[in-house]
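The values are calculated or read from the model by the stated rules, or taken from the named source; none is laboratory data. Remember, predicted model here, so these are calculated numbers, not experimental data. Neighbour counts run over all protein chains shown; Cβ positions are idealised from the backbone, glycine included. The protein model used for the area step is the full one, side chains on, heavy atoms only, and it has no ligands, DNA or RNA in it. Shrake-Rupley method; radii C 1.70, N 1.55, O 1.52, S 1.80 Å.
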Amino acid sequence: MFDKILIANRGEIALRIVRACREMGIKSVAVHSTADADAMHVRMADEAICIGPPPSSESYLSVPAIVSACEISGAQAIHPGYGFLSENASFVQILEDHNITFIGPTAEHIRIMGDKIAAKETMRKLGVPCVPGSEGGVATVKDAQRIGAEIGYPVIVKATAGGGGRGMKLARTEAEMESAFLTARSEAKSCFGNDEVYIEKYLTRPRHIEVQVFGDGKGAAVHLGERDCSLQRRHQKVMEEAPGPVITAEMRSKIGKICADAVAGINYRGAGTIEFLFEDGAFYFIEMNTRLQVEHPVTEMVFGVDLVREQIRVAEGLPMSFVQSDLELNGHAIEVRINAEKLPDFTPCPGTVTAYHAPGGLGVRVDSALYDGYTIPPYYDSLIGKLIVHGRDRPEALARLKRALGELIVDGIDTTIPLFDALLSEEDILTGNFDIHWLEKWLEENLG
Ligand code: MV4
């Protein structure tokens, strides 16, 4: 049993992990940069250790500083949260060598899923439906053109070391292929130090649907339905919901079973997300994330489970606290991301919060490390909180979101809150009629 866990993260997710630890009777150790000495995750954890100066590269991303803090504190395990070191296979390898438990999957699974070609090949062999495209890497313009002709234009050229929207180039016609291929390859080389690219049929107006999976590392696995994360700007999610507004119970159980069987088949441990594009009623795998995601609370709300608690359980070698038949989807949940950003350009705007009031009441959850008088430092991500609402159905969740947004006060800085007030008057948002391009088009027409 763990009696102490070190949290290698900051902000709302660090606080989220402190909360799970406390409910489980496990002591928590916060680590922080000098810029975060007065952060809420530091105040709430049982212990805190300063690990370096403000830049992430010298603190939250510093493997020696974090491993030292872990050894000094006597923590037996590290929870990485999301971002930072959460999908860093070499970090996980180093922890294994120091006999520190990583609360997450194996280094090997992180490595496979970080290589987008290997991830796709692994998933395809496990029976997960994938976007049609090249079998593995594409080495020459000639091969790229041959594959383009085979699968039909438009196609997209992606970096195998990419993901999350980085290193992709669209070729609408054969005439665009040479330049798309060469640009993608050279950008992949300079961004990731790996110039390998692959090709997929380009889906023109899909939704982004992701399936939450969870494994015990010993061949047992479940799915917890899907989230629709189509509302994004520049590959940053803005609003997410569960279940997906157009996903039927039949589709959910079919794709869910495929995903659960796939991760069971590789003895996957912990939380994972299998990302799909969804178009014309069909799912197409694109990537797998091997971490807890920012938007995990919407899944927690509709299934009534604590995913962080389950991550800690399976890291200790315990079974999950449920099997598939225990998991029942209940109602509807929506999350909006509150960022310290100025509209219409989403320019980060750190500063001092002069007044903060969190909404409450039935079906309202706020995951945030904000407090009155807190000064948001300029060094990190601009996410300052998540407002999550739950209702018996989608209309009730939407009404509750509108009500809760009306109670939320964050003064002294600019935030994305006004964006959500505006979106909640849009017919397409109210009916769930959107794809991955909807928000950028709306922003151009309404704020641009
Ligand atoms: C695609 C695509 C269309 N067709 N792949 C962008 C992020 C990365 N995870 C995959 N991405 C896309 N891959 C094929 N074959 C369109 C996108 C895409 C996108 C995907 C999800 C959410 C928002 C997006 C915005 C633009 C492009």
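Here are a few things to note about the model shown:
- Of all residues in the stretch 169-184, those being within 14 Å of the ligand (Cβ to nearest atom) and surrounded by 15 or more Cβ atoms within 10 Å (Cβ to Cβ) number 4.
- Extreme residue, nearest to residue 192 (Cα to Cα), among residues of the stretch 142-168 that are in a helix (DSSP H, G or I) and open to solvent by less than 10 Å² (accessible area, probe 1.4 Å): 144
- Taking the stretch 396-448 and the helices (runs of 4 or more DSSP H) fully enclosed by it, the elements with 3 or more residues that are among the hydrophobic types (A, V, I, L, M, F, W, C) and farther than 19 Å from residue 206 by Cα are at 417-423.
- Of all residues in the stretch 343-360 being hydrophobic (A, V, I, L, M, F, W, C) and part of a loop (DSSP other than H, G, I, E, B), the one that is nearest to the chain's Cα centre (by Cα): 346
- A single member of 388, 413 is β-branched (Val, Ile, Thr), open to solvent by less than 60 Å² (accessible area, probe 1.4 Å), in contact (Cβ under 8 Å) with a residue 24 or more places away in the chain and in contact with a Gly (Cβ under 6 Å, 6 or more places away or on another chain), and it is 413.
- Residue among 137, 219, 215 that alone is open to solvent by less than 10 Å² (accessible area, probe 1.4 Å) and away from the ligand (no atom under 12 Å from the Cβ): 215
- Scanning the stretch 433-448 for residues that are within 16 Å of the ligand (Cβ to nearest atom) and open to solvent by less than 70 Å² (accessible area, probe 1.4 Å) turns up 434, 435, 436, 438, 439, 442, 443.
- Residue within the stretch 195-202 that is at pLDDT 95 or above, surrounded by fewer than 21 Cβ atoms within 10 Å (Cβ to Cβ) and within 16 Å of the ligand (Cβ to nearest atom) present: yes
- Test: residue in the stretch 367-374 that is modelled with pLDDT of 95 or more, open to solvent by 70 Å² or more (accessible area, probe 1.4 Å) and over 30 Å from residue 55 (Cβ atoms): no
- Leading residue by the ranking (surrounded by the most Cβ atoms within 10 Å (Cβ to Cβ)) among those in the stretch 257-279 that are among the aliphatic types (A, V, I, L, M) and within 14 Å of the chain's Cα centre (by Cα): 274
- Any chance residue 238 is within 16 Å of the ligand (Cβ to nearest atom), β-branched (Val, Ile, Thr), under 18 Å from the mean Cα position of the chain (by Cα) and farther than 26 Å from residue 121 by Cβ: yes
- Against the numbered list (1) away from the ligand (no atom under 16 Å from the Cβ); (2) over 27 Å from residue 396 (Cα atoms); (3) not basic (Lys, Arg), residue 272 comes up short only at (1).
- Only one of 370, 443 that is aliphatic (A, V, I, L, M) and closer than 24 Å to residue 245 by Cβ: 443
- Residue count, the stretch 284-306 (criterion: part of a strand (DSSP E or B), among the hydrophobic types (A, V, I, L, M, F, W, C) and touching a Leu at 6+ places or on another chain (Cβ under 8 Å)): 1
- Test: residue in the stretch 379-393 that is closer than 21 Å to residue 42 by Cα, out of contact with any Lys or Arg (no Cβ under 7 Å at 6 or more places or on another chain) and β-branched (Val, Ile, Thr): yes
- Residues that are over 26 Å from residue 214 (Cα atoms) and touching a strand residue (DSSP E or B) at 6+ places or on another chain (Cβ under 6 Å) occur at least once in the stretch 11-31.
- Flag if residue 187 is touching a Gly at 6+ places or on another chain (Cβ under 8 Å), away from the ligand (no atom under 16 Å from the Cβ) and open to solvent by 20 Å² or more (accessible area, probe 1.4 Å): no
- When the stretch 280-290 is filtered for residues that are within 11 Å of the chain's Cα centre (by Cα) and crowded, with 23+ Cβ neighbours inside 10 Å, the ones remaining, listed by number, are 288, 290.
- Count - residues of the stretch 321-342 that are within 19 Å of residue 443 (Cβ to Cβ) and either part of a loop (DSSP other than H, G, I, E, B) or hydroxyl-bearing (Ser, Thr, Tyr) (or both): 1
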